[in-house]
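Everything on this sheet refers to the single structure shown next.
The values are calculated or read from the model by the stated rules, or taken from the named source; none is laboratory data. Values in this document were obtained by computation on a predicted structure and should not be read as measured data. Reconstructed Cβ throughout: ideal geometry from the backbone, glycine too, with neighbour counts over all protein chains shown. Each accessible area value is taken on the protein alone, full model and side chains, heavy atoms only, with ligands, DNA and RNA left out. Shrake-Rupley method; radii C 1.70, N 1.55, O 1.52, S 1.80 Å.
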Amino acid sequence: MTKLLMVCMGNTCRSPMAQAVIRKLALETGLAQPFEVACAGTHAHHLGERPDPRAALTLTRHGYEMGRVRSRRITEQDFQSFDLILAMDSSNLTELHRLCPAEQGHKLHLLLDFAEEISETEVPDPYYGNQEGFEQVLALCEAGARGLIRRLFQKPSKIDAAVPPAG
C-alpha cells in the first residue's frame, strides 16, 4: 500500500483540499494498487477543527468531497508510517525537514514538484484572502495530483480524462 500525507501549516485549507483531490483522482483512474492519503499541519493553531468553509465550498462546487477531516499536527509516527510527505510550500517543507528524523528525509517533497504542466512551485496559503484564492489552490492541487498519480501509478490517460489541465 502506498501511503501519502499532504501537509500545510494549519491543516484547514490546502492539505485537506489536496487530500480530497488526490483521493478522487486516484479512485477515478481505477488504481489497482491500494493507497491511503491523509493530511496534517506543521502547526497546531486549529487543532481538532473542521477545514475552512471556503475550502469545503470550493471542493463541493467542483465535485470533490472533503470527508471527515479534522485538523491535526504532524507526528513523529507520521514520518515512519507514510511513504511520501508532500508540503504545500517551502516554509512547511523546511519545518518538515526540521522535525523529520534524518533517515526519513527522502520522503519529503513539495506537492508541486510533481506538477508537469505548470511553472508554480508552491501552493499559496489562501486563508487570509478571498474565495478566488481557494479556486487557485484547487487548480494547483489538481495539477500536483495529476503529476503525482502519473509518476506513482503510471496511469496518464485516465488521469487526464478525470481532471483536464487547468487553463
Task: Checking HIS62 against (1) in contact (Cβ under 8 Å) with a residue 24 or more places away in the chain; (2) surrounded by fewer than 22 Cβ atoms within 10 Å (Cβ to Cβ); (3) within 28 Å of HIS97 (Cβ to Cβ); (4) out of contact with any strand residue (DSSP E or B) (no Cβ under 8 Å at 6 or more places or on another chain), the condition it does not meet - done: (3)
- [ ] Check GLN80 against each of (1) in contact with a strand residue (DSSP E or B) (Cβ under 9 Å, 6 or more places away or on another chain); (2) surrounded by fewer than 21 Cβ atoms within 10 Å (Cβ to Cβ) and name the one condition it does not meet.
- [x] (1)
Task: Scan of the stretch 82-107 for residues that are acidic (Asp, Glu) and part of a loop (DSSP other than H, G, I, E, B), ordered by number - done: ASP83, ASP89
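Consider SER71 carefully, then state whether it is at pLDDT below 95 and either under 18 Å from ASP52 (Cα atoms) or loosely packed, with under 14 Cβ neighbours inside 10 Å (or both).
When the stated conditions are applied, SER71 does not pass them.
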Task: Residues of the stretch 110-138 satisfying the condition of being in a helix (DSSP H, G or I) and either among the charged types (D, E, K, R) or within 16 Å of CYS8 (Cβ to Cβ) (or both) - done: LEU111, LEU112, ASP113, GLU132, GLY133, PHE134, GLU135, GLN136, VAL137, LEU138
TODO: Scan the stretch 1-31 for residues that are in a strand (DSSP E or B), modelled with pLDDT of 95 or more and within 16 Å of LEU152 (Cβ to Cβ) and jot them down.
DONE: LYS3, LEU4, LEU5, MET6
Open item on the list: Can you tell me which residue is most open to solvent (accessible area, probe 1.4 Å) among those in the stretch 32-52 that are out of contact with any Cys (no Cβ under 7 Å at 6 or more places or on another chain) and not in a loop (DSSP other than H, G, I, E, B)?
Closed with: GLU36
- [ ] For the stretch 18-40, state whether one or more residues are under 19 Å from PHE114 (Cα atoms) and touching a Pro at 6+ places or on another chain (Cβ under 7 Å).
- [x] yes
